[in-house]
Amino acid sequence: MSWLDAFVQWTGWLGLDYRFLLDAYERGSFVAGAWVTLQLCLCTMAGSLAVGVALAAALVSGRPWLAGPTRLFVEVTRNTPTLVQLYCAFLVLNMLISEVIGGANPFTPFAWVVIVISLHKGVFHAEALRAGIEAVPQVTLEAATSLGFSRRQRLWRVELPLAVRFALPSLVNNLIELVKMTALASAIAVGDITYASILIWTQRDNVLELMILILLFFGLLSFVVNCLGRGLEARLRMPGYGH
């Protein structure tokens with residue numbers, strides 16, 4: 001008897017039905033869904049951080065024509081539900097793009113999930129980074145200016161590196177929220193772990209068992225992100241700042 005058979009038999013004694021794990025197709029579908037979720041997490045993490053840095057730079061640019069529209073975008077994005085944004089993007093923008101190009105639409109459901117979640121969490125990253133930039137001591141900025149740094153050089157070489165350190169706890173918290181947010185992908189039929197589980201439990205009626213697995217999976221992912229974030233925070237902590 002394999003360890004998988006033993007696990008199914010043991011959980012069966014507890015009243016849980018994990019027999020789908022013995023079916024190669026359903027087991028493969030669940031594993032593939034978990035892999036899609038991991039890809040979503042990695043892509044949206046990278047995308048949201050890039051968006052956050054760009055928006056934070058625009059917010060503190062000192063140029064009203066740039067900071068004003070950026071502030072409007074931030075307020076609208078963070079004050080509307082992510083699911084509504086996803087539906088608007090996939091059901092409206094996606095349709096308009098298809099009509100305009102008149103051919104194969106390059107934006108897949110997976111791509112729309114990455115775009116929407118990256119933009120949504122990116123505005124939260126931007127606010128955390130903006131607060132970090134504003135927390136940079138004035139004497140540090142004066143020292144950079146005295147060394148001949150331009151406004152742009154001061155932002156990218158002094159303010160943002162320090163802001164990342166100051167904002168890291170908030171950024172890590174945002175990334176943990178982002179991991180959980182990827183479950184929304186199932187709303188537009190992206191084959192993530194949630195969608196794969198839905199397809200399985202509609203056939204086997206084992207909702208409780210699959211929900212337990214989903215909770216454990218996302219809990220583990222969030223725990224890993226939290227541990228990596230805390231390790232990075234400790235590594236980047238500077239003497240004289242904070243604890």
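Take the residues in the range 1-24 that are among the charged types (D, E, K, R) and in a helix (DSSP H, G or I); name whichever of them is farthest from Leu210 (Cα to Cα). So that I can check it myself, show each step before the final result.
Step one: filter the range 1-24 for residues among the charged types (D, E, K, R), giving 5, 17, 19, 23.
Applying the additional criterion that residues be in a helix (DSSP H, G or I) yields 5, 19.
Values: Asp5: 17, Arg19: 11 Å.
Taking the candidates together, the pick is Asp5.
Please list, ordered by residue number, the helices (runs of 4 or more DSSP H) wholly in the range 25-135 having 3 or more residues that are of a type in the set (Val, Ile, Thr). Spell out how you get there, then give the answer.
Working: elements: 64-78, 82-88, 94-101, 109-134.
Per the criteria, 64-78, 94-101, 109-134.
Report the residue count in the range 197-226 for those that are within 13 Å of Arg27 (Cα to Cα) and polar (S, T, N, Q).
So the answer is 1.
Give the range 3-28 a look and list any residue that's within 16 Å of Ala196 (Cα to Cα), of a type in the set (A, V, I, L, M, F, W, C) and in contact with a helix residue (DSSP H, G or I) (Cβ under 9 Å, 6 or more places away or on another chain), or say none.
Taking the range 3-28 first, the residues within 16 Å of Ala196 (Cα to Cα) are 18-28.
Applying the additional criterion that residues be of a type in the set (A, V, I, L, M, F, W, C) yields 20-22, 24.
Scanning the range 3-28 gives Phe20, Leu21, Leu22.
Look through Val190, Val164, Val158, Val172 and report the one residue that is surrounded by 15 or more Cβ atoms within 10 Å (Cβ to Cβ) and in contact with a Pro (Cβ under 7 Å, 6 or more places away or on another chain).
Values: Val164 fails: in contact with a Pro (Cβ under 7 Å, 6 or more places away or on another chain); Val158 fails: in contact with a Pro (Cβ under 7 Å, 6 or more places away or on another chain); Val172 fails: in contact with a Pro (Cβ under 7 Å, 6 or more places away or on another chain).
After applying the criteria, what remains is Val190.
Out of (1) surrounded by 17 or more Cβ atoms within 10 Å (Cβ to Cβ); (2) in contact (Cβ under 8 Å) with a residue 40 or more places away in the chain; (3) out of contact with any Gly (no Cβ under 7 Å at 6 or more places or on another chain), what's the single condition that is false for Val8?
(2)
Check Glu26, Glu99 and return the single one that is without any contact (Cβ under 8 Å) to a residue 24 or more places away in the chain and of a type outside the set (Ser, Thr, Tyr).
Values: Glu26 fails: without any contact (Cβ under 8 Å) to a residue 24 or more places away in the chain.
From the options Glu26, Glu99, the qualifying one is Glu99.
Give the residue, chosen from Gly62, Gly28, that is farther than 30 Å from Gln203 by Cβ and either surrounded by fewer than 16 Cβ atoms within 10 Å (Cβ to Cβ) or at pLDDT below 95 (or both). Don't jump to the end; show me each part of the working.
Working: Gly28 fails: farther than 30 Å from Gln203 by Cβ.
Result of the check over Gly62, Gly28: Gly62.
The values are calculated or read from the model by the stated rules, or taken from the named source; none is laboratory data. Please read these numbers as outputs of a predicted model, since none were measured by experiment. Glycine gets a Cβ as well: all are built from the backbone with ideal geometry, and neighbour counts include every protein chain shown.
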